[in-house]
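Undergrad: Structure incoming, see below.
The values are calculated or read from the model by the stated rules, or taken from the named source; none is laboratory data. Please read these numbers as outputs of a predicted model, since none were measured by experiment. Don't worry about glycine lacking a Cβ; one is built from the backbone with ideal geometry, like all the others, and counts go over all protein chains shown. Keep in mind that these areas ignore ligands, DNA and RNA; they rest on the heavy atoms of the full protein, side chains included. Shrake-Rupley method; radii C 1.70, N 1.55, O 1.52, S 1.80 Å.
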Amino acid sequence: MTERAPAPTAPLRARAEIDLAALRANVRALRALAPDAALMAVVKSDAYGHGAVRCARAAVEAGATWLGTATPEEALALRADPGLPSDVRIMCWLWTPGGPWREAIEADLDVSVSDPWALREVTEAARLAGRPARVQLKADTGLGRSGCQPANWPELVAGALRAQSEGLLRITGLWSHFACADEPGHPSIAAQLALFRELVAYAEEQGVRPEVRHIANSPATLTLPESHFDLVRTGIALYGISPSPELGTPSDFGLRPVMTLSASLALVKHVPGNHGVSYGHHYVTPGETTLGLVPVGYADGIPRHASGTGPVLVGGKWRTVAGRVAMDQFVVDLGGDEPEAGSEAVLFGPGDRGEPTAEDWAQASGTIAYEIVTRIGMRVPRVYVNEEQDGRDE
Ligand SMILES: *Cc1c(COP(=O)(O)O)cnc(C)c1O
């Protein structure tokens, strides 16, 4: 569990401020982009580091009618939250043999099935539970990850229909996932869409009447209306981050980053020139200067690959991580400036106060912004702001 913060204004070593008004506005912006589809708020991995329960509640308040997680445990935890309406649909898709099928059925979760082993386990659990499972059949239309291969689709559909006729399950969805939706025009996109339509048509000819057909993740939701079908599954866009800088900035899509990561400077001190900084002395002060100690490190999710490159706003100026990021701390060269210990260092945020963004950190460390926010560690308290829906929301 994440630490509980005493109050939004209390001085903390570090904090990840989560702007729930921004999240709600992002949900509304995404619904406007996909007006004929329901919206699934993907809140796996603790809502990409933002806090699953609070983000799920805010997303539902703003109009999401589905929640999506990877693991069944994540989905069961959401179902146990009294703050969520009991009729919100919750789907999870990452199952392994021996998983909590019966608990999932009793919690009225939608479970994904790609393979005969999962169909066997879910029907057996439904028999024990004495009620039908809600099953969504997943096709691999080209991602090459989970999902049923097209050649095996007829067998999976037939098996599921048999179980449905025995009252053991209801086929609630037909779905798939894109490989390259963040590269508009990539030939795999049209190929996946065409195959998805074909596999859905086949299942419907056999008698499947799904509540939802869906394939769109955030990039497809933002750029490919023909992929919206009945439901769009948005993760990263909910958190106000563009799936890829090539697609556009968050504001190009009417989105606003939800997380601001900041820390209080633990120490500011004068050092002479030619002073090595942090493990390995990969940074050496070019002359007499001041150093600021930022008390977060790779244990908090700050990428060690950002050593020497990560940007931080201190005293109105961008500074760069000097030397290596350590487990709990890193140093910035303040160039002679003397902010007080306790001054705020902003690692990333929406960017409108001049601070870097999660995308800037992704560029600085050779990864994607998804990983930057999702890796922020449990030792960093999440501080929720704008929790109550109010007039400014509309
Ligand atoms: C994570 C995930 C999503 C959300 O992807 P984003 O690019 O963050 O919108 C959608 N569907 C599945 C199956 C996922 O695993």
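Undergrad: Would you calculate the separation in nanometres between label points at ALA190 and ASP352, each defined as 7 Å from the Cα along the Cα-to-beta-carbon direction?
TA: 3.9
Undergrad: Normalised by the empirical 2.2 N^0.38 Å for globular proteins, what value does the Cα Rg of the chain take?
TA: My calculation over the Cα atoms of the chain gives 1.10.
Undergrad: What's the center-to-center distance, using Cα atoms, between region 138-200 and region 21-36 in Å?
TA: Each part reduced to its Cα centre gives a spacing of 26 Å.
Undergrad: Among bridges DSSP assigns within the chain, what percent are antiparallel (round to 5)?
TA: Rounded to the nearest five, the antiparallel share is 45 percent.
Undergrad: Where the accessible area of region 259-385 is counted over protein heavy atoms with a 1.4 Å probe, how much of it, in %, is carbon and sulfur?
TA: 52
Undergrad: Rolling a 1.4 angstrom probe over the protein heavy atoms, how many square angstrom per residue are accessible across the chain? Mind showing how you got there, number by number?
TA: Working: 16640 Å² over 394 residues.
Averaged over the residues of the chain, the accessible area is 42 Å².
Undergrad: What FRET efficiency comes out for the pair ASP230/VAL385, r = Cβ-Cβ distance, R0 = 30 Å, nearest 0.05?
TA: So the FRET efficiency works out to roughly 0.35.
Undergrad: Give the calculated FRET efficiency between SER165 and VAL53 to the nearest 0.05, with a Förster radius of 45 Å applied to their Cβ-Cβ distance. Walk me through the numbers before you get to the answer.
TA: Details: r = 38 Å, r/R0 = 0.84.
After rounding to 0.05, the efficiency reads 0.75.
Undergrad: If each DSSP helix of 4+ residues adds -39,500 (n - 2.57) and the sum is divided by the residues in the chain, what number results at 222 nm, nearest 500 deg cm²/dmol?
TA: -8000 deg cm²/dmol
Undergrad: Further, regarding this structure: Label-point separation (nm) for ASP337 and GLU103, each offset 7 Å from Cα along Cα-to-Cβ?
TA: With each label placed 7 Å out from Cα toward Cβ, I get 4.9 nm.
Undergrad: By its C-alpha gyration tensor, with a ≥ b ≥ c as the square roots of the eigenvalues, how is region 34-237 shaped: rounded for a/c under 1.5, else prolate for a/b larger than b/c, else oblate?
TA: Verdict is oblate for region 34-237.
Undergrad: Let me ask you something else. Carbon and sulfur: what percent of region 10-67's accessible surface (1.4 Å probe)?
TA: Carbon and sulfur atoms account for 54 percent of the accessible area of region 10-67.
Undergrad: Between ASP252 and GLU205, how many nm apart are label points set 7 Å from Cα along the C-beta direction?
TA: 4.0
Undergrad: R0 = 22 Å: FRET efficiency of ARG127 with ALA80, Cβ-based, nearest 0.05?
TA: 0.35
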